[in-house]
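Student: One structure is given below, represented as structure tokens, and several questions about it will come after.
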Amino acid sequence: MKKTVVALLACVATACVAMLAGAQQEDQEPLDLEALLEQFGWDFEQGQITTQKVADDLHVLFGVGGNIAASIGADGVLIVDDMFPEMIPKVEAAIRALGGGSVDYVINTHWHFDHAEGNLALGPAGTEIVAHQNSAAMMAKTNILNLVITKYRQEAYPPDARPTISFDDRMRFYFNGDEIDVIHAGPAHTAGDAAVIFRKHNAVHLGDVFNNTGYPFIDADSGGGIDGMIAFCQTILDEVGMSGIVIPGHGEVTDGAALQRYIDMLTTVRDRVAERIAAGEDLATVTAAKPTADFDEAFGPETGSLGFVNRVYTSLMRDRAE
């Protein structure tokens, strides 16, 4: 997992430098999945699944793509997110090694390919797919995902790979002796994010609303925004508290204190960018001012992100115009 993340960040950093040098063109053709995987250094054949035990019936699976949480018990198997179809045989093998069987439910935290593409394998096999209604709508059509350093064409999923259950604000599963709450606290990383709280263990999977490998990507072009990121994270932190077990979309499992530090970073950067927007500064000037500089030691260089400052600026300008 660490090698995958390092390779991804190295590729992203290289691509960001190219972008800042003017290499990216506005009319760039969106990449297909094969080209995107090559750019990000992801390899399904070499990628392995590792697991971390949260409790006897709750585990986290790491591999190629977003982290998976797995509830395994007498009622069956419920997972949160599902990587890519090419990784599903390895995911299923890991679940069997943990005492589980076939996957009964998958909850997608959002619609992006690295968290939901596994639907293409699980849906036809009979797994019930759950997602927020906005994510369900996005999966039903082809989307151009603006990753700032590049663009990706995510094709519409066929009907049997789309959510069979969707929700608006909240829903609850009673599964494996747990109360599992699925919460949408407004637009954040996307317009259709879901946090999944396993109440018995006070553990939450936050999807890409919380990235524990560096600065987050905000999909501002499809409804995400910095204000929503802050509000969503605060809502979930209020639910689980500082002692909560926090499973990020990417990176190591952590706690509520780390989520609080993340919220503090998001809030400070938001405020700095908003102040410069109010002063009439454009994106280039705001970026050159390095509003993340004192956070880079903890979160990595901003140039190694998927345009974090760009997306903060873009979402604030959009919301200001509305």
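The values are calculated or read from the model by the stated rules, or taken from the named source; none is laboratory data. Owing to the predicted nature of the structure, the values given are computational and were not obtained by experimental measurement. Cβ placement follows ideal geometry from the backbone for every residue including glycine, while neighbour counts extend to all protein chains displayed.
Student: Among the candidates Asp169, Asp193, Asp208, Asp219, single out the residue that is surrounded by fewer than 22 Cβ atoms within 10 Å (Cβ to Cβ) and either over 19 Å from Ser315 (Cα atoms) or among the acidic types (Asp, Glu) (or both).
Tutor: Of the residues listed, the single one that is surrounded by fewer than 22 Cβ atoms within 10 Å (Cβ to Cβ) and either over 19 Å from Ser315 (Cα atoms) or among the acidic types (Asp, Glu) (or both) is Asp169.
Student: Given the structure, is Thr142 touching a Lys or Arg at 6+ places or on another chain (Cβ under 7 Å) and among the β-branched types (Val, Ile, Thr)? Explain how you work it out, then say what you get.
Tutor: On the way: touching a Lys or Arg at 6+ places or on another chain (Cβ under 7 Å): yes; among the β-branched types (Val, Ile, Thr): yes.
The answer is yes for Thr142.
Student: I need every pair where a residue in region 145-156 that is modelled with pLDDT under 95 has its Cβ under 8 Å from the Cβ of a residue that is in a loop (DSSP other than H, G, I, E, B) and surrounded by 20 or more Cβ atoms within 10 Å (Cβ to Cβ), sequence separation at least 6 or different chains.
Tutor: Filtered contacts from region 145-156: Ile149/Leu306; Ile149/Gly307.
Student: Hey, can you tell me all the residues within region 58-80 that are small (Gly, Ala, Ser), more than 12 Å from Phe173 (Cβ to Cβ) and buried (at least 21 other Cβ atoms within 10 Å of the Cβ)?
Tutor: Within region 58-80, Gly63, Gly65, Gly66, Ala69, Ala70 qualify.
Student: Can you name the residue in region 122-161 that is among the β-branched types (Val, Ile, Thr) and outside any loop (DSSP other than H, G, I, E, B) and is also nearest to Ala185 (Cα to Cα) among such residues? Walk me through it before giving the result.
Tutor: Restricting attention to region 122-161, the residues satisfying the condition of being among the β-branched types (Val, Ile, Thr) are 127, 129-130, 142, 144, 148-150.
Those left that are additionally outside any loop (DSSP other than H, G, I, E, B): 129-130, 144.
Numbers: Ile129: 20, Val130: 16, Ile144: 24 Å.
Checked region 122-161; the qualifying residue nearest to Ala185 (Cα to Cα) is Val130.
Student: Now for a separate question. Mind checking which residues of region 95-111 are part of a loop (DSSP other than H, G, I, E, B) and either touching a helix residue (DSSP H, G or I) at 6+ places or on another chain (Cβ under 7 Å) or of a type in the set (Phe, Trp, Tyr) (or both)?
Tutor: Filtering region 95-111 down to residues part of a loop (DSSP other than H, G, I, E, B) leaves 98-104, 108-111.
Those that are part of a loop (DSSP other than H, G, I, E, B) and either touching a helix residue (DSSP H, G or I) at 6+ places or on another chain (Cβ under 7 Å) or of a type in the set (Phe, Trp, Tyr) (or both): Val103, Asn108, Thr109, His110, Trp111.
Student: Quick one: is Glu92 assigned to a helix (DSSP H, G or I) and either at pLDDT below 95 or closer than 23 Å to Ile165 by Cα (or both)? Steps first, please.
Tutor: Values: assigned to a helix (DSSP H, G or I): yes; either at pLDDT below 95 or closer than 23 Å to Ile165 by Cα (or both): yes.
It is true that Glu92 is assigned to a helix (DSSP H, G or I) and either at pLDDT below 95 or closer than 23 Å to Ile165 by Cα (or both).
Student: Assess whether Thr235 counts as being of a type outside the set (Asp, Glu), surrounded by fewer than 17 Cβ atoms within 10 Å (Cβ to Cβ) and within 19 Å of Asn212 (Cβ to Cβ). Please lay out each step first, then the result.
Tutor: Values: of a type outside the set (Asp, Glu): yes; surrounded by fewer than 17 Cβ atoms within 10 Å (Cβ to Cβ): yes; within 19 Å of Asn212 (Cβ to Cβ): yes.
When the stated conditions are applied, Thr235 passes them.
Student: Scan region 248-260 for residues that are more than 11 Å from Gln234 (Cα to Cα) and either surrounded by fewer than 23 Cβ atoms within 10 Å (Cβ to Cβ) or free of Cβ contacts under 8 Å to residues at least 24 places away in the same chain (or both) and jot them down. So that I can check it myself, show each step before the final result.
Tutor: Initial filter on region 248-260 (more than 11 Å from Gln234 (Cα to Cα)): 248-255, 257-258.
Scanning region 248-260 gives Gly251, Glu252, Val253, Thr254, Asp255, Ala257, Ala258.
Student: What number of residues within region 32-57 are surrounded by 15 or more Cβ atoms within 10 Å (Cβ to Cβ) and modelled with pLDDT under 95?
Tutor: Within region 32-57, residues that are surrounded by 15 or more Cβ atoms within 10 Å (Cβ to Cβ) and modelled with pLDDT under 95 number 7.
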